[in-house]
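Notes to accompany the following structure.
The values are calculated or read from the model by the stated rules, or taken from the named source; none is laboratory data. What you are looking at is a predicted structure, and each value in this text was computed from that prediction instead of being measured. Here Cβ is always computed from backbone atoms with ideal geometry, including for glycine, and neighbour counts include all displayed protein chains.
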Number of protein chains: 2
Amino acid sequence: MVVFAPRYVWLVMSVFFLHLCLDRCVQAVRLLEKEFEQKVDHFDFSSRAGRTYKQRYLMTDQFWRKGVGPIFLYTGNEGDVWSFANNTGLMFELAPSFGALVVFAEHRYYGTSLPFGTLSFERENVGLLSIEQTLADFATLLLHLQRDLGAEKCPVIAFGGSYGGMLSAYFRMKYPNLVAGALAASSPLYLVAGLGDEFQFFRDVTADFERYHHKCPNMVRAGFAAIKSLASKQQWVALSSKMRLCGDLNSSNDLPYLEGWIRNAFTVLAMMDYPYKTTFMSPMPANPVNVACDILLKSDDPLTGLRDAAGIMYNSSGTKNCYNIFEDFKPCADPTGCGVGWGSLAWDYQACTEINLLCSSNGKTDMFPVISFTSALREQYCQKQWGVTPRQDWLATQYWGTDLRAASNIIFSNGDLDPWANGGIRKNLSQSLVSIMISGGAHHLDLRSSNPKDPPSVIQARKQEELLIRGFIQEAVMSERSTFERD
Amino acid sequence: MVVFAPRYVWLVMSVFFLHLCLDRCVQAVRLLEKEFEQKVDHFDFSSRAGRTYKQRYLMTDQFWRKGVGPIFLYTGNEGDVWSFANNTGLMFELAPSFGALVVFAEHRYYGTSLPFGTLSFERENVGLLSIEQTLADFATLLLHLQRDLGAEKCPVIAFGGSYGGMLSAYFRMKYPNLVAGALAASSPLYLVAGLGDEFQFFRDVTADFERYHHKCPNMVRAGFAAIKSLASKQQWVALSSKMRLCGDLNSSNDLPYLEGWIRNAFTVLAMMDYPYKTTFMSPMPANPVNVACDILLKSDDPLTGLRDAAGIMYNSSGTKNCYNIFEDFKPCADPTGCGVGWGSLAWDYQACTEINLLCSSNGKTDMFPVISFTSALREQYCQKQWGVTPRQDWLATQYWGTDLRAASNIIFSNGDLDPWANGGIRKNLSQSLVSIMISGGAHHLDLRSSNPKDPPSVIQARKQEELLIRGFIQEAVMSERSTFERD
């Protein structure tokens, strides 16, 4: 779960047009950027009770049947809210036929929604970065919008992808009074609760490369072996030169940076393995896994092959002469990557507290070097970095962990190209806890706008999602009167 | 909801025997008093993350089928945990046939469970007194016990009365992964969420007195009129002497204390209108409402009648020569009474933050003087007292307010003598959200031990509760494997 580093410049204005073409380009989406005066602390009524911050959200009512149509709320995750609006076309495509109001809420401590401004990540302030506070933000914002817009009777559907999908599911679980149903796309609910297999993630990254060509993972292994070999001979200059690094590696202490830098690139290639060009986590060609494998397979030298495959991510513009791995890659509490900037700090903190991401590679069931991330290593890192001890059991306690039986009206969608899929829910748990598997789908492909290159599976998945969402809304409308009124 | 002022002396030892006779007095209940090192702040992982406090709980395993039988957990409310153990005999009566482990968890900021010791109610510390923190305490304690005792597979049933019943319901709603079902006895979930009618509570108190004798409320009204009359003539000495006050009233500023003092007594008489002697909130004769009405009806002077009826509560020992109303009664954010001591501070704070208790009397639909408690008055009081602004919508937002549809496996029991009943759930909401009405039942009579004077309705209610609880446990056992394992 890499944090999104926006590579484009935002215009500072309050109305934006998304480059989405609905109804065959008849209309563009007009998104308003707004701010809500949000409580910094929902759970302590005293010490910082009066303090607020400006939570950013995006909204369009251009499709809304005012006061009647549903509210589609994207429960923003670890990044600038615009990156989710730009990559969740599904909501805009569904909105016209539903007559829906569309809202994207930014997650606290990301984007511009910093509760303590530039001091947000000081130790005395960062503690209010939590899933609990974030859900309470969404609830409070939602109530405000419903009142402000005369939308009290409008059923709400929560949308989210990846960690945002976890949030949409949690939001329905914890606040079913506010949310009629949720679409949780590519959300590894089990994995982050500390369940599952530590080697699953990188094994599934590897499987994506193997699927394209059975020799591809071996080329990656050969590349890493070549690095190891040069390193063991202390040939730092030769290694750095071959990898085209801006500065030379100096000792074996630098090696994990290089290995991590490469592993991260392959992780992103697997997650973003869409059948068309995208600019989500970083600019990517169509089918980046295939592109990377082709580079590796055609390369005479596995080491330079590895470098150029990583370059798909790190040098997408083709303009870099050398790689600054220490800038591109920072070790953090998420072995799949924390990205850079504010967001990376925030995500690092979350991975040090509530969210368990104990993913290791072992070089056997996967194609990467042995890079372990155990509970002990995590504790050590998080103590040093943030002065916190991760609470491994918390997510399983607070968000229902292994046992989702009591939940209802949640769609769990997953793509089989997505290395996160096997950390999530892959079977129906009840009539209204529905799993949708998308063959040939990468990380929440279903949330993206329709594309001529979409595999039939995702077209079918979106149809099923639409049907289920209609059901959730109908159920909410049918039993519109509250239990209180019915009493 | 008055806080319990324990009138008996605790022995400082770790094993206590409850004076409960099970199986016709074959065995007494052996309760262990224990402490758990609990987090002071579950939601801020940084600022006070390391800090813990000693949460008290009571436990007996004498009926437990070790590792197999269920856990009966009382979700402690606003008072010393022993007072709940002493007044919730139902759990001990059910435990043997269920083979249950019985646990009573004390609520933070009550009894000895003070997160910051004697400084707990300082403004910088009191903010951690909240329902959210309290539920997280219960969850954390429960997980600890389950691991410590090898009880991971043992289904948990939450029990609670009044505010404790709200907590048991909320606990099932928010943590259904931990709790198979809940019995929420006499819990005014709607009222505290800010719904319902401000005059309902005192109207229903009045109805209890009217039920015994139609002239009784008029005697109360006459008593209050006599007070008013003397007060309007500034005859403070005569009034104080007739009311047998320890110190004279001095001005009309003192009048609300006298009126509140009396209204509180009648409230407690109605809530504690059990058919036998009790010592719960204070020592009470059997059928205290009848006793009070008999006093009023037999009295020549409505004023002294009022005084002696209040004396049932304030002078149960019969040893007081005069009443110190300023000691017995302190105005607070709960117009039905906050009691005295630590607990009263804590409850006042809760009624100033999350819990809405906007109950007023109007002298028309009830027998009391006009004593209003509006949102505005509450805000003013809470700002002055605690520097906080009540969040009126919070409980309806956070704990599902008017809409409990998505919940399951909760029994809502209410007695028709209980003035809180009409603030709660009085109809079945679904197959597993079951309302039980107890004719002739006062405040959570069903939770008390069996008594030869029990009305048939409560015997029937307890049987139905037992049956439903068996169903909740069976359901949990049948689907023992988690959704994760089934996946």
Among the residues listed as B:105, B:158, the single one being free of Cβ contacts under 8 Å to residues at least 60 places away in the same chain and small (Gly, Ala, Ser): B:105
Of all the helices (runs of 4 or more DSSP H) wholly in the stretch A:387-487, which have at least 2 residues that are basic (Lys, Arg) and out of contact with any Cys (no Cβ under 9 Å at 6 or more places or on another chain)? A:456-478
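Can you name the residue in the stretch A:427-450 that is surrounded by fewer than 16 Cβ atoms within 10 Å (Cβ to Cβ) and not small (Gly, Ala, Ser) and is also farthest from the chain's Cα centre (by Cα) among such residues?
The extreme case among them is A:431.
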So for the stretch A:363-374 (the condition being surrounded by 24 or more Cβ atoms within 10 Å (Cβ to Cβ), in contact (Cβ under 8 Å) with a residue 60 or more places away in the chain, facing chain B (nearest Cβ under 9 Å) and over 19 Å from the mean Cα position of the chain (by Cα)), does at least one residue qualify? no
Being surrounded by 18 or more Cβ atoms within 10 Å (Cβ to Cβ), outside the structural domain of residue A:453 (by TED's automatic domain parsing) and free of Cβ contacts under 8 Å to residues at least 60 places away in the same chain: is that true of residue A:227 here? no
Inspect the stretch A:353-370 for any residue being in a helix (DSSP H, G or I) and closer than 26 Å to residue A:414 by Cα and give the result as yes or no. no
Candidate set from the stretch A:411-426 (those that are within 11 Å of chain B (Cβ to nearest Cβ) and not small (Gly, Ala, Ser)); member that is farthest from the chain's Cα centre (by Cα): A:426
Can you confirm whether the stretch B:329-336 contains a residue that is closer than 24 Å to residue A:51 by Cα, in contact with a Lys or Arg (Cβ under 9 Å, 6 or more places away or on another chain) and at pLDDT 95 or above? yes
What's the number of the condition residue B:387 fails, among (1) within 14 Å of chain A (Cβ to nearest Cβ); (2) within 30 Å of residue A:405 (Cβ to Cβ)? (2)
Kindly indicate whether any position in the stretch A:455-462 is at the interface with chain B (Cβ under 10 Å from one of its Cβ atoms), in contact (Cβ under 8 Å) with a residue 40 or more places away in the chain and of a type outside the set (A, V, I, L, M, F, W, C). no
Taking residue A:318 and the conditions (1) under 29 Å from residue A:215 (Cα atoms); (2) buried (at least 18 other Cβ atoms within 10 Å of the Cβ); (3) among the small types (Gly, Ala, Ser), which numbered condition does it fall short on, given that it satisfies the others? (2)
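Residue by residue, here is whether (1) more than 25 Å from residue B:441 (Cα to Cα); (2) in the same structural domain as residue B:261 (by TED's automatic domain parsing) holds:
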{"position": "B:320", "(1), (2)": "yes, yes"}
{"position": "B:326", "(1), (2)": "yes, yes"}
{"position": "B:358", "(1), (2)": "no, yes"}
{"position": "B:365", "(1), (2)": "no, yes"}
{"position": "B:373", "(1), (2)": "yes, yes"}
{"position": "B:381", "(1), (2)": "yes, yes"}
{"position": "B:392", "(1), (2)": "yes, no"}
{"position": "B:405", "(1), (2)": "yes, no"}
Which listed residue, of A:141, A:135, A:189, is touching a Phe, Trp or Tyr at 6+ places or on another chain (Cβ under 8 Å), aliphatic (A, V, I, L, M) and buried (at least 24 other Cβ atoms within 10 Å of the Cβ): A:189
Restricting to the stretch A:399-420, what's the tally of residues that are over 15 Å from residue A:173 (Cβ atoms), out of contact with any Asp or Glu (no Cβ under 7 Å at 6 or more places or on another chain) and buried (at least 24 other Cβ atoms within 10 Å of the Cβ)? 4
The condition of being assigned to a helix (DSSP H, G or I), at pLDDT below 95 and within 21 Å of the chain's Cα centre (by Cα) holds, among A:316, A:344, only for A:344
Helices (runs of 4 or more DSSP H) wholly inside the stretch B:125-220 containing at least 1 residues that are farther than 21 Å from residue B:95 by Cα and away from chain A (no Cβ under 14 Å): B:163-174, B:200-212
